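The values are calculated or read from the model by the stated rules, or taken from the named source; none is laboratory data. Quantities reported herein were computed from a predicted structural model and do not represent experimental measurements. Glycine also receives a Cβ, built like all others from the backbone with ideal geometry; neighbour counts cover every protein chain displayed.
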Amino acid sequence: MKQENFYNFAYLDEQTKRMIRRAILKAIAIPGYQVPFASREMPMPYGWGTGGVQVTASIIGKDDVLKMIDQGSDDTTNAVALRGFFELTAGVESTTETSEASIIQTRHRIPEDDLTEDQVIVFQVPIPEPLRFLEPRETETRKMHALEEYGLMHVKLYEDIATHGHIATSYAYPVKVMDRYVMDPSPTPKFDNPKMHKMAALQLYGAGREKRIYAIPPYTDVVSLDFEDYPFSVQEWPDTECGLCGATEVYFDEVVTDDHGGRMFCCSDSDYCEKRRAAGHTGKQPDQAAEV
Amino acid sequence: MQIATTGLGAVSPGFSDPVHDAQSVFSAVMRAMSRPGRIEQINERLEAPSPANNAVAAVILTLCDHDSPLWLDETVAGAEELKSWVRFHCSAPITGDRATADFALVTNPQSMPDLDTFALGTDEFPDRSTTLIVQVSSILENGGWVLSGPGIESKHKIRSDDLSADFIAQWRSNRELFPRGVDVILCAEDRIACLPRTVKIEEG
């Protein structure tokens, strides 16, 4: 029996897609504002990207090419599982190449290569509310957004400095979109925050458990919050290069390679690393490629 | 038992392939909304119910259903063919109260009610606002409106001559309400362009 006959195209029924599509249009019209939507139960647990999956299922067409990444990698569990889900339910073509994809769903990195106008990047978001750990009540955070009352967020960043001597927030680093809404860019490493600013591709964020969708249209100002004397900065790895491809200006994974303390750094973006190796770049531990 | 079939004989078909046609139209609307003023093509062909044009019919089929009240302007408020078509294909409640409508169909843009009489959302829920589906005869590329804002790298230029003379002034007021405000989908026969509430329009 053919499995795909069991489901509507891309799993969701058409009424659900329409509801999500209406939310997406509102999200695009109000950049950074979290639009409530009637999130459905999906055939995967919360935390596995049910929000991102519902957004992707609502925008994907039969001619789309889908790339699915978990952190930077196409090969890890979440990416493989969700790619399989869409291959099964939508029958769409999938790819690992950033440049080939028309839709990229991610948890939570943004690929190293620049995205284009013809692409959409869909983020899986666990906690969409940037103020949630500072103020647990939804009624209050909603009011704070309405009044543009974001002083508390700066207090949090200040406390980081008071405790650690620098802003120690390294992921889910709050941003301000179009000088209006403070937004949680999902637990994306702050290394990727600068890529959100005036990105050519449309960014869509879906939070399934929390039932929110938000968006950043292309070419929109996205500023990471900071202080004049403690400006925003991204992670740096001095004197480190990818063990496989030798890249330096990328986000690194640290990988344990044996039981004797051996380790290496390599590109978190697996497609970027493969492309570089194919182009002849090589790092100091190329023989570890099979292991990684 | 008599089953009321009034008008149903006149209902023309919806999408020939409901799933993929709706996806394709939505994709065009999403691209247009995220790049305000860029004209997108609607490739799906419909027997649009009079007096709606093709793009209007496609957008309604794609976005409206029983959860989204639709307001009709004076010109079409009595258009039985269109109303039967909307009821049959979308089950969308047709409302006479535009201040609570999710969507509003404006087929005569010259006499479009003031933008601030539609649902504008609240400061806490700015998404609870009306999206205007405005039927126009043409959208001109490189026309006299200069658009800027999110979604636009430098400038987009379009124009629609169907809108009333004070539309630009009204739009300025709409934009000042941000994050509240209405969004507009301009629909010519097979072309659409969107004006989300963020976009700035200047006469150039």
Of all residues in the stretch B:41-51, which are acidic (Asp, Glu) and within 13 Å of chain A (Cβ to nearest Cβ)?
B:Glu44
Hey, B:Ser129 hits all of (1) within 25 Å of B:Phe178 (Cα to Cα); (2) without any contact (Cβ under 8 Å) to a residue 40 or more places away in the chain; (3) hydroxyl-bearing (Ser, Thr, Tyr) but one; which does it fall short on?
(2)
So which strands (runs of 3 or more DSSP E) are wholly in the stretch A:174-292 and hold at least 3 residues that are touching a residue at least 40 places away in the same chain (Cβ under 8 Å)?
A:175-177, A:181-183, A:202-207, A:212-216, A:222-224
Candidate set from the stretch B:174-189 (those that are in contact with a helix residue (DSSP H, G or I) (Cβ under 7 Å, 6 or more places away or on another chain) and away from chain A (no Cβ under 11 Å)); member that is surrounded by the most Cβ atoms within 10 Å (Cβ to Cβ):
B:Cys187
From the option list B:Asp116, B:Asp162, B:Asp127, B:Asp123, single residue qualifying as closer than 28 Å to A:His145 by Cα, within 17 Å of the chain's Cα centre (by Cα) and in a loop (DSSP other than H, G, I, E, B) is B:Asp127
Residue that is within 14 Å of another protein chain (Cβ to nearest Cβ), among the β-branched types (Val, Ile, Thr) and closer than 14 Å to B:Arg38 by Cβ, where the choices are B:Ile133, B:Ile158, B:Ile192
B:Ile192
Among A:Asp179, A:Asp239, the single one that is modelled with pLDDT of 95 or more, on the phi > 0 side of the Ramachandran plot, acidic (Asp, Glu) and surrounded by fewer than 20 Cβ atoms within 10 Å (Cβ to Cβ) is A:Asp179
For the stretch B:1-98, which helices (runs of 4 or more DSSP H) that fit wholly inside it have 2 or more residues that are under 27 Å from A:Gln203 (Cβ atoms)?
B:18-34, B:54-63
Number of the exception - A:Pro218 against (1) within 22 Å of A:Asp118 (Cβ to Cβ); (2) surrounded by fewer than 16 Cβ atoms within 10 Å (Cβ to Cβ); (3) in contact with a Lys or Arg (Cβ under 8 Å, 6 or more places away or on another chain)
(2)
Could we say that A:Ser94 is among the hydroxyl-bearing types (Ser, Thr, Tyr), closer than 16 Å to B:Met30 by Cα and in contact (Cβ under 8 Å) with a residue 12 or more places away in the chain here?
no
Mind listing just one residue for me: the one in the stretch A:138-186 that is away from chain B (no Cβ under 14 Å) and of a type in the set (D, E, K, R) and, of those, farthest from A:Met199 (Cα to Cα)?
A:Glu159
Is it true that A:Arg83 is over 26 Å from B:Arg197 (Cβ atoms) and either polar (S, T, N, Q) or assigned to a helix (DSSP H, G or I) (or both)?
yes
Give A:Gln119, A:Gln124 a once-over and let me know the one that is polar (S, T, N, Q), in contact with a strand residue (DSSP E or B) (Cβ under 7 Å, 6 or more places away or on another chain) and away from chain B (no Cβ under 14 Å).
A:Gln124
Residues of the stretch B:73-82 satisfying the condition of being surrounded by fewer than 19 Cβ atoms within 10 Å (Cβ to Cβ) and within 16 Å of the chain's Cα centre (by Cα)
B:Glu74, B:Thr75, B:Ala77
What is the residue count in the stretch B:93-109 for residues that are surrounded by fewer than 21 Cβ atoms within 10 Å (Cβ to Cβ) and either among the hydrophobic types (A, V, I, L, M, F, W, C) or modelled with pLDDT under 95 (or both)?
2
Here are B:Ser24, B:Ser34: which of them is at the interface with chain A (Cβ under 7 Å from one of its Cβ atoms) and free of Cβ contacts under 8 Å to residues at least 24 places away in the same chain?
B:Ser24
From the residues in the stretch A:242-280 that are surrounded by fewer than 19 Cβ atoms within 10 Å (Cβ to Cβ) and in contact with a Lys or Arg (Cβ under 9 Å, 6 or more places away or on another chain), which one is nearest to A:Thr169 (Cα to Cα)?
A:Glu254
